[in-house]
């Protein structure tokens, strides 16, 4: 849909350039039968510029393009009305643009899931002073593979994280035989009190899909909309909160390793020397997982039986795992930049989401004040 809208705006904007060409005598245009004054020629040029700027913003600023798009729409329709006999068919393009602007408002406007995400981030993400550093002594009680992991990613000697954010790109699907949908996502996590905010944009057959996962104030919700207005899925309640506690633990392991020395985790050895088991408690929910490390000490998998999948309107707990790889450095930390999430069914496991980490940053107020 984004590509089609961009092409529409480029072609529509280019056609508006016929107005100034006619007004200033820059080209012979016998198909235009009505005269256009120089003042209106400038108006046509302004409308063309607004449409072309909107086309660029659809690509580079997809969350705000609709603001300029609404102005471009009004300007375009006004000049079309001034030369109605010649330009009336441009109204068809403006009707399509109007529909896109409405979807943009619903998806990113003040009442959208995105706006709720931004309000939550501003309210919940702490502006904290520097905290104590993570030291070798503070992780002495952790299992050996976890200590080696924290040393390998560069967490030792760094401040304990108070909040962190990440941006992702990838793809997602609803089942093993369902088509993949491209997605982009942004998230903010807070360590204490624990919060997780995950905003997602996807597209199915050209229809924009946006979703928001919220884990705040001891409860989790999930809301997914199509076209910014039609609810596709909505979940909440105790079982979802339990499941999202697993996701929160997974984020801690992958994106904020220093939190693994926190007080709400109980560690024990895994089934072999390259594994460790952990129980994490938050908001009255205790979840468990096993972490798998490779010979170099990198975390390569996370496995839990405490996460639930929606089936027939009910949440059913199933084995969930997140194979990881592609480690690279983001600032002071070296973290996994590629991963997927798998549901383990009776027929075998299948990935339902694949992600690549585009940006990762711990709370700047902590890192900069340390």
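Bear in mind that the values in this text are calculations on the coordinates, not laboratory data. In this text, all values refer to a predicted model and were calculated from it rather than measured experimentally. As a convention, Cβ positions derive from the backbone with ideal geometry for all residues, glycine included, and neighbour counts pool all protein chains shown.
If you average the sequence gap of Cα pairs under 8 Å that are 6 or more apart and divide by the length of segment 52-151, what percent do you get for the contact order? That works out to 19 percent. Relative to the dominant Cα principal axis of the chain, helix 144-153 is inclined by about 30°. Ordering 280, 198 from the fewest to the most neighbouring beta carbons within 10 Å gives 198, 280. Assign one of three labels to segment 221-337, namely rounded, prolate or oblate, based on the Cα gyration tensor with a ≥ b ≥ c the square roots of its eigenvalues; rounded applies when a/c is under 1.5, prolate when it is not and a/b is larger than b/c, and oblate otherwise. Because a/c hits 1.5 or more and a/b exceeds b/c, segment 221-337 counts as prolate. Extension gain for residue 266 to residue 115 (0.36 nm times residue separation, less C-alpha to C-alpha distance): 50.7 nm.
Once the chain from residue 178 to residue 138 is taken as fully extended at 0.36 nm per residue, the excess over their C-alpha distance is 9.8 nm. Model label points for residue 207 and residue 288, set 7 angstrom from Cα along the Cα-to-Cβ axis, are 4.2 nm apart. Scoring 35-47, 134-146, 239-251, 153-165 by mean Cβ neighbours within 10 Å over their residues and listing the highest first yields 239-251, 153-165, 35-47, 134-146. With contributions of -39500 (n - 2.57) from each DSSP H run of at least four residues, the per-residue ellipticity at 222 nm computed over the chain stands at -11000 deg cm²/dmol.
Give the angle, between 0 and 90 degrees and rounded to the nearest 10, that separates the Cα long axis of helix 90-108 from the longest principal axis of the Cα atoms of the chain. That works out to roughly 20 degrees. Based on the alpha-carbon gyration tensor of the chain and its eigenvalue square roots a ≥ b ≥ c, which shape applies: rounded if a/c is under 1.5, prolate if not and a/b is larger than b/c, or oblate? Judged from the Cα gyration tensor, the chain comes out prolate (a/c at least 1.5, a/b above b/c).
Residue order for 213, 16, 344, fewest other beta carbons within 10 angstrom first, comes to 344, 213, 16. If you run the Gaussian network model on the chain, springs between alpha carbon atoms under 10 Å, then out of 92, 53, 101 the most flexible one is 92. The overall shape of segment 2-108 is prolate: from the C-alpha gyration tensor, with semi-axes ordered a ≥ b ≥ c, the ratio a/c is 1.5 or greater and a/b exceeds b/c.
For the chain, the longest principal axis of the alpha carbon atoms and the long axis of helix 38-60 meet at an angle near 20°.
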